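Here the structure is laid out as structure tokens; the discussion comes afterwards.
The values are calculated or read from the model by the stated rules, or taken from the named source; none is laboratory data. In this text the structure is predicted, and so the values were computed from the model without any measurement. As a convention, Cβ positions derive from the backbone with ideal geometry for all residues, glycine included, and neighbour counts pool all protein chains shown. Surface areas here come from the heavy atoms of the whole protein model, side chains and all, with no ligands, DNA or RNA. Shrake-Rupley method; radii C 1.70, N 1.55, O 1.52, S 1.80 Å.
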Amino acid sequence: MSASVHGVVPRWIGLSIRLGVCLSICLGLLSACGRTSSDLVVYSARNEQLIKPIFDRYTAQTGRTIKLITDDAGPLIERLAAEGANSPADLLLTVDAGVLWHAAERGLLRPIDSPILNANIPEHLRDPENRWFALSVRARTIVYSTERVQPQDLDTYESLTDEKWRGRLCLRSSKSVYNQSLVAMLIAQHGEEKTEQIVRGWVANLATPEFANDTLLMEAIIAGQCDVGIVNTYYYGRLQADRPELPLKLFWPDQQGAGVHVNVSGAGVTAHAPRADQARALLEWLSRQEAQTMIGAMDKEYPASPAVAPDPMVASWGTFRESPLNVAHAGELQPAAVRLMDRARYR
């Protein structure tokens, strides 16, 4: 008769239980280590190759090591929310002002009273309640074919609704958070009624179905499928780095009016950061000249600090006046922007 019939645990089952208990203990210890280790933990929606060299420089200067966990912004925000007070994360770093606003409104970021950050980052590029701060700026602006368009033919975002652009305009999908933020900022500037007229005018002028990303849009202009479009500047920079003789140029709209729409990448100290003081020190370091120069150069973006010069390639695109509206509007008005684009049949 086997031992199991008498209620005695078989050897292999006992081994499994012991292994399970050990695993639980180890996981618990690892979790505890995550909250007590001296390593700063950063949840980043930016690609590792764009941010790790900057963190490596910080570690070399300060001796403080950083554990980087990367994923898309949505999963990282949900992970922060699910972990709650047990989260090991100290800093959330992501792109798009709307995403940062969303994380802050869910109570996942804490206010930071920092004279350094307030001095380095302009007021319209940070949360009004100081829960997040821009680290880099990207303009969402007009790109045009130098072979078929003269810059004097261009003017404002609204002017792309003119009859002369019928069948000549390309747009990225309305599912892009960058377009949702652009339309949200247009709502902040013009109100919903006029913004809907603008978006409907864009849709009426489309030459092709909407594109999945800005690079495909610019390739379509080069191929002659359309003549103008709206893109983020760093996408243009990436393409120009590969092909310096691009038959495309950037145009800065609304220079006599509201200014160019800009968006940001940025970061905030998490609500339950185990190392909040260290996270704040890292955030302040990221706003200073050396880090700002590196951040701008890594992906052809503009430094968030106006005291820091942009990368030479970025500077070659010329200067422009940006919208002074606080980028937090991109988050506040994104739901209205999505509904508006749906009504206008912007896909």
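Here are a few things to note about the model shown:
- Residues that are within 30 Å of SER176 (Cα to Cα), in contact with a strand residue (DSSP E or B) (Cβ under 6 Å, 6 or more places away or on another chain) and not aromatic (Phe, Trp, Tyr) within region 55-75 comprise LYS67, LEU68, ILE69, THR70, ALA73, listed in sequence order.
- Positions within region 294-309 being over 19 Å from SER44 (Cα atoms) and surrounded by fewer than 20 Cβ atoms within 10 Å (Cβ to Cβ), in sequence order: PRO306, ALA307, VAL308, ALA309
- Qualifying residue in region 202-219 (condition: more than 26 Å from GLN334 (Cα to Cα), out of contact with any Lys or Arg (no Cβ under 6 Å at 6 or more places or on another chain), outside any strand (DSSP E or B) and of a type outside the set (D, E, K, R)): no
- From the list SER176, SER265, the one residue that fits, being free of Cβ contacts under 8 Å to residues at least 40 places away in the same chain and under 30 Å from GLU123 (Cα atoms), is SER176.
- When each of PRO128, PRO111 is tested for being touching a Lys or Arg at 6+ places or on another chain (Cβ under 7 Å) and at pLDDT 95 or above, the lone residue that passes is PRO111.
- Pairs, first more than 18 Å from GLY84 (Cβ to Cβ) and among the β-branched types (Val, Ile, Thr) in region 28-45, second modelled with pLDDT under 50 and surrounded by fewer than 11 Cβ atoms within 10 Å (Cβ to Cβ), C-beta under 8 Å, six or more apart: none
- The lone criterion from (1) part of a loop (DSSP other than H, G, I, E, B); (2) touching a residue at least 60 places away in the same chain (Cβ under 8 Å); (3) open to solvent by 10 Å² or more (accessible area, probe 1.4 Å); (4) not acidic (Asp, Glu) left unmet by VAL149 is number (3).
- Where helices (runs of 4 or more DSSP H) sit wholly within region 46-136, those with at least 1 residues that are within 18 Å of SER265 (Cβ to Cβ), open to solvent by 40 Å² or more (accessible area, probe 1.4 Å) and acidic (Asp, Glu) occupy 48-62.
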